[in-house]
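*Asks:* Just dropping this structure here.
The values are calculated or read from the model by the stated rules, or taken from the named source; none is laboratory data. These numbers were taken from a predicted model, which means no experiment stands behind them. No Cβ is skipped: glycine too gets one built from the backbone with ideal geometry, and neighbour counts run over all protein chains shown.
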Amino acid sequence: MDIAAHRPSVHYRGKGLDFYDAVIPRIGASITFYGTAVLRQFEMMGAYALNESMAIARSRDKLRSLQIMARAGIGLPLTGFASSPDDTKDLIKLVGGAPLVVKLLHGTQGKGVVLAQTQQAAESLIDAFRGLDANFLIQEFIKEAGGSDIRCLVVGKKVVAAMKRQAKAGEFRSNLRRGGTASLIRLTPEERSTAVRAARKMGLNVAGVDLLRSNHGPVVLEVNSSPGLEGIESATGKDIAGMIAEFIETDAESSKARKRR
């Protein structure tokens, strides 16, 4: 990247890239820092970004994203975060005790997510994570979800597709890459509203919002800025990539108009 005030540019394999009208960011979690830097460079060059760099960075910070949604009144699992080992028992108490889920802040696709079935197991697990200087949070275990969650694909201001992901036997993580299965599901109006509000609060035009059905209504697990399309397109039979392209065509033009005004 040539970070210049007047003519910023992006180079690939020794050649400067021509101007692009729009950019569709697909940034893996392991390269969030560099990926968002490249995206900012395209934004400096005047390109429309489907999901803007600030929105992606916001959604990738699990703790920050939860705080933003909590402030907006969006349903979440009971969640705790602390750094001092003196707070372990109180931290566990905040989420209603064991069983509970411990999550690394930088884990993806179910990696770094562990279920602690008992108080002793929870304390040992938390102490182990602290010993590794790992940043993590803990959440209540939503038993009534039965090892399933709902992936809502939001484009613009509506949910265009949804699927239920069911964990394999003996597993509580429902990620498809961990052996989970996908099926069609009918959303309630509250679930649709929750998914759209979560995506909007992150500032994302396209997002995969993961929900759980709890006894106190839908709760958001995560908002993904680069959701996979293969699994949900196969489960729903919908051309979501086409919907995204159509959204870009209309929103990029209106974005230009807004900037001119």
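*Asks:* Does the stretch 120-128 include one or more residues that are more than 30 Å from residue 252 (Cα to Cα) and in a loop (DSSP other than H, G, I, E, B)? Quick ask: steps written out before the conclusion?
*Replies:* The initial filter retains those residues of the stretch 120-128 that are more than 30 Å from residue 252 (Cα to Cα), namely 120-128.
From what is left, the residues that are in a loop (DSSP other than H, G, I, E, B) are none.
No, that holds for no residue.
*Asks:* What number of residues within the stretch 200-247 satisfy the criterion of being in a loop (DSSP other than H, G, I, E, B) and either at positive phi or under 15 Å from the mean Cα position of the chain (by Cα) (or both)?
*Replies:* Just the residues of the stretch 200-247 that are in a loop (DSSP other than H, G, I, E, B), to begin with: 203-205, 215-216, 225-229, 237-239.
From what is left, the residues that are either at positive phi or under 15 Å from the mean Cα position of the chain (by Cα) (or both) are 203-205, 225-229, 237.
Residues in the stretch 200-247 being in a loop (DSSP other than H, G, I, E, B) and either at positive phi or under 15 Å from the mean Cα position of the chain (by Cα) (or both): 9 in total.
*Asks:* If residue 96 passes every condition in (1) part of a loop (DSSP other than H, G, I, E, B); (2) outside the structural domain of residue 123 (by TED's automatic domain parsing) but one, which one does it miss?
*Replies:* (2)
*Asks:* Name the pairs whose Cβ atoms lie under 6 Å apart, with the first residue in the stretch 158-177 and aromatic (Phe, Trp, Tyr), the second modelled with pLDDT of 65 or more, and 6 or more positions between them or separate chains?
*Replies:* Short answer, once both residue conditions are applied: 172/115; 172/147.
*Asks:* Let me ask something else about it. When the residues of the stretch 74-107 are filtered to those that are under 19 Å from residue 208 (Cα atoms) and surrounded by fewer than 17 Cβ atoms within 10 Å (Cβ to Cβ), which remaining residue is modelled with the lowest pLDDT?
*Replies:* Out of the qualifying residues, it is 107.
*Asks:* Another question about this same structure. Regarding residue 57, is this residue small (Gly, Ala, Ser), outside any loop (DSSP other than H, G, I, E, B), crowded, with 17+ Cβ neighbours inside 10 Å and out of contact with any strand residue (DSSP E or B) (no Cβ under 9 Å at 6 or more places or on another chain)?
*Replies:* Values: small (Gly, Ala, Ser): yes; outside any loop (DSSP other than H, G, I, E, B): yes; crowded, with 17+ Cβ neighbours inside 10 Å: yes; out of contact with any strand residue (DSSP E or B) (no Cβ under 9 Å at 6 or more places or on another chain): yes.
Answer is yes for this residue.
*Asks:* Please determine, by comparing only the residues of the stretch 63-85 that are touching a residue at least 24 places away in the same chain (Cβ under 8 Å) and not in a loop (DSSP other than H, G, I, E, B), which one is farthest from the chain's Cα centre (by Cα).
*Replies:* So the residue we want is 85.
A quick yes/no check of all residues on (1) surrounded by 18 or more Cβ atoms within 10 Å (Cβ to Cβ); (2) of a type outside the set (A, V, I, L, M); (3) touching a residue at least 40 places away in the same chain (Cβ under 8 Å):
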residue	(1), (2), (3)
223	yes, no, yes
226	yes, yes, yes
236	yes, yes, yes
240	yes, no, yes
245	no, no, no
